[in-house]
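The values are calculated or read from the model by the stated rules, or taken from the named source; none is laboratory data. Not measured: the values here are computed from a predicted model. We place every Cβ from the backbone using ideal geometry, glycine too, and count neighbours over all the protein chains shown. When the accessible area is computed, the model is the full protein with side chains, heavy atoms only, and any ligands, DNA or RNA have been set aside. Shrake-Rupley method; radii C 1.70, N 1.55, O 1.52, S 1.80 Å.
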Amino acid sequence: MTKTLTEWRPEQIAEFGRKPMLLRHRLADHPLFCDAALERLIEATPRDRFHVNTIARDETDPRKWREGDMSGLSGREVMAAVARGNIWVHLQRVHEAFESYDDFLSDLFGDVERRVPGFRSYKRSMSVLISSPNMNVALHADVPGQSLWQVRGRKRVWVYPPRAPYLPQNKIENIVLRRAFDTDLPYDPSYDAGAESFELLPGDWSSWPRNAPHRVRNADCVNVSFTTEHWTDELRAGYAVDYANGLLRPLFGGRDLSRATTGPAFWGKLAIAAAHKGWRKLIGRTVAPMMIDFRVDPAAEAGFRDIAPYQVMK
């Protein structure tokens, strides 16, 4: 008998991917998220597959999100820095590091697809997040479909509608085209009135519509979470339209173009996006470099120390 990993109410099944929602899972005690497993995962994750970040706990400007480095440190040292400091460790594509995480990811999406009629996903990915008490995660918008799964600790997430003023169309186009980072978004405290807000406890998970901006604040405890990303035909269509719209924007006086994913214009945009992506792959795509200006240090009060800035390509 197949084990059920997620819990749903009937209305959530119909609204999955259409609106922000809070659901339950049965994975909080999974051994893949114990300290020993996380330490091993930190040590196995190469430089091009992790981010380590910080931002002041009272900062609301997502552009103040800082990038750091933890290369060469042991998993135990990084975990100690997280526990005492103010850092956010993001281990990407962990399912490619160990077969156990790949099996876990397949089982999890298999469970969701059994529960949600018509939901068929591909190009799935999984990241693990380990973050300090009271950590403030900057507002950002993701490109694929995404869910956030809470394993340890407690946090609050704010999810904003994927439309202006929360998400100006030119901003998501630049993120899709990799001309800008996912934190290159406007924020004003008044936006919170339009947000859906959830407190996530171990065993909770949250999902939201494509590109919905969101920010997170931890409670006064270390947090361990994981995110899952996926694509569907519907998501790919929306991505292609945003990609093409970003290319076409200068030719149409900088105005917003339709984001519709049906009709002749959509098929034209699909062709434009495919041709440009093929050309970019041929010549080598240009990605904005990351500026590294701190290094994780378990002996430092904030869990890191400032260093002379340098750039790396991601």
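Scanning segment 33-55 for residues that are open to solvent by 50 Å² or more (accessible area, probe 1.4 Å) and of a type in the set (A, V, I, L, M, F, W, C) yields 34, 36. Only residues that are in a strand (DSSP E or B) and among the aliphatic types (A, V, I, L, M) were counted in segment 30-82, giving 1. In segment 195-219, of all residues being under 18 Å from the mean Cα position of the chain (by Cα) and open to solvent by 40 Å² or more (accessible area, probe 1.4 Å), the one that is nearest to residue 149 (Cα to Cα) corresponds to 199. Summed over segment 149-172, the residues that are within 25 Å of residue 108 (Cα to Cα) and surrounded by fewer than 22 Cβ atoms within 10 Å (Cβ to Cβ) give a count of 5. Looking at segment 178-194 only, could you name the residues that are at pLDDT 95 or above and surrounded by fewer than 18 Cβ atoms within 10 Å (Cβ to Cβ)? Passing the criteria: 190, 192, 193, 194.
This table checks each residue for (1) in contact with a Phe, Trp or Tyr (Cβ under 9 Å, 6 or more places away or on another chain); (2) under 18 Å from residue 135 (Cβ atoms); (3) touching a residue at least 40 places away in the same chain (Cβ under 8 Å).
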{"site": "7", "(1), (2), (3)": "no, no, no"}
{"site": "11", "(1), (2), (3)": "no, no, no"}
{"site": "14", "(1), (2), (3)": "no, no, no"}
{"site": "17", "(1), (2), (3)": "yes, no, yes"}
{"site": "26", "(1), (2), (3)": "no, no, yes"}
{"site": "33", "(1), (2), (3)": "yes, yes, yes"}
{"site": "47", "(1), (2), (3)": "no, no, yes"}
{"site": "60", "(1), (2), (3)": "yes, yes, yes"}
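Residues are listed down the side, and each one gets a yes or a no for (1) over 23 Å from residue 309 (Cα atoms); (2) of a type in the set (A, V, I, L, M); (3) at pLDDT 95 or above:
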{"position": "69", "(1), (2), (3)": "no, no, yes"}
{"position": "78", "(1), (2), (3)": "no, yes, yes"}
{"position": "81", "(1), (2), (3)": "no, yes, yes"}
{"position": "88", "(1), (2), (3)": "no, no, yes"}
{"position": "91", "(1), (2), (3)": "no, yes, yes"}
{"position": "104", "(1), (2), (3)": "yes, no, yes"}
{"position": "109", "(1), (2), (3)": "yes, no, yes"}
{"position": "122", "(1), (2), (3)": "yes, no, yes"}
{"position": "133", "(1), (2), (3)": "yes, no, yes"}
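Counting the residues of segment 1-32 that are open to solvent by less than 30 Å² (accessible area, probe 1.4 Å) and β-branched (Val, Ile, Thr) gives 1.
Counting the residues of segment 91-131 that are crowded, with 16+ Cβ neighbours inside 10 Å and on the phi > 0 side of the Ramachandran plot gives 1. Would you check if residue 239 is closer than 21 Å to residue 141 by Cβ and either more than 23 Å from the chain's Cα centre (by Cα) or among the hydroxyl-bearing types (Ser, Thr, Tyr) (or both)? Judged against the criteria, residue 239 is a match.
Yes/no per residue for (1) among the small types (Gly, Ala, Ser); (2) modelled with pLDDT under 95; (3) open to solvent by 20 Å² or more (accessible area, probe 1.4 Å); (4) farther than 30 Å from residue 101 by Cα:
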| position | (1), (2), (3), (4) |
| --- | --- |
| 224 | no, no, no, no |
| 234 | no, no, yes, no |
| 240 | yes, no, no, no |
| 276 | no, yes, yes, yes |
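When residue 77 is tested against (1) in contact (Cβ under 8 Å) with a residue 60 or more places away in the chain; (2) of a type in the set (Asp, Glu); (3) under 20 Å from residue 127 (Cβ atoms), only condition (3) is not met.
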